[in-house]
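Down below is the structure, laid out as C-alpha cells.
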Amino acid sequence: MPKLHITLHDGSQMDHELTDETVTVGRAPDNTFHLDDASVSSHHAQLSPKDDGFVLKDLGSTNGTKLNGTSLKANEEHILNAGDKIQFGKVESVFDPDNAGEETQELPEVEDHVLPVAKSSTKPSNFMNASPFQRKTARKDPIGVALYVLAALSIIASLLVTVMVFAMEKP
C-alpha cells in the first residue's frame, strides 16, 4: 500500500496510506489528509494514482510544494518515485510506493517465567521517600521554646498587674 511518511516540526512522525482515489493535502479539515500547520495552505496539494504510480500536483498553494528540493508549478502533474521527498510548505514527507519490504513478522512465543516470592525484604540503605510531599520532621528548637515560655510568662504577668490595678481601692 503506498504511503506518505510525514515528519512534523515537533519531530513526531505519522504515516498516511494513499487508499483513496484522490488524496488532497491541506490545512482545511475537508482534506483527505489534514495537516494543521501554518505553512500549509487550506487546499495545498493533491496525490492521485496514474498508470502504475502516483502523481503529485500543487493546487496553487501559498508557500508552495517542493519535490526533491525543486519547487513545483501550480496544477502541473509530477510522477512520484520511491523515496521522493515532498515538502508541503515547511512540512516534510517521503513517498513510499510499496511496503513490500516491510512484511509483517509474527511475534515470538511468550515464555512463562515463574519468579520466586521473596521470603523477606529490607529497605535499601539509601531509600528515600518518593512522594513529592516529603514528611516534615519535628525539630526541637530550645531557643524557640524559651521564647514561647518567656512570651507566655509576660502575658500572664501583664494580666495580673491589670487585675491588681482594678482591685485597688481609692485612698
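The values are calculated or read from the model by the stated rules, or taken from the named source; none is laboratory data. Since the structure is predicted, the reported quantities are computational estimates derived from the model, not experimental observations. Because the Cβ atoms are built from the backbone with ideal geometry, glycine has one as well, and the counts that use them run over all protein chains shown. Calculation scope for accessible area: heavy atoms of the full protein, side chains included, ligands and nucleic acids excluded. Shrake-Rupley method; radii C 1.70, N 1.55, O 1.52, S 1.80 Å.
Structure data summary
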| read-out | value |
| --- | --- |
| Test for Asp84: is it out of contact with any helix residue (DSSP H, G or I) (no Cβ under 7 Å at 6 or more places or on another chain) and at pLDDT 90 or above | yes |
| Residue count for segment 28-81, restricted to those that are among the charged types (D, E, K, R), under 25 Å from His9 (Cα atoms) and outside any loop (DSSP other than H, G, I, E, B) | 3 |
| Selection count where residues are open to solvent by 20 Å² or more (accessible area, probe 1.4 Å) and not in a strand (DSSP E or B), scope segment 82-97 | 4 |
| Checking Ile6 against (1) touching a residue at least 60 places away in the same chain (Cβ under 8 Å); (2) open to solvent by 30 Å² or more (accessible area, probe 1.4 Å); (3) under 21 Å from Pro97 (Cα atoms), the condition it does not meet | (2) |
| Residues being of a type in the set (A, V, I, L, M), more than 27 Å from the chain's Cα centre (by Cα) and open to solvent by less than 30 Å² (accessible area, probe 1.4 Å) - total across segment 20-72 | 7 |
| Filter result for Thr162 (farther than 30 Å from His9 by Cβ, modelled with pLDDT of 75 or more and assigned to a helix (DSSP H, G or I)) | yes |
| Output for segment 23-44, where each listed residue is farther than 14 Å from Asp58 by Cβ and among the hydroxyl-bearing types (Ser, Thr, Tyr) | Thr32 |
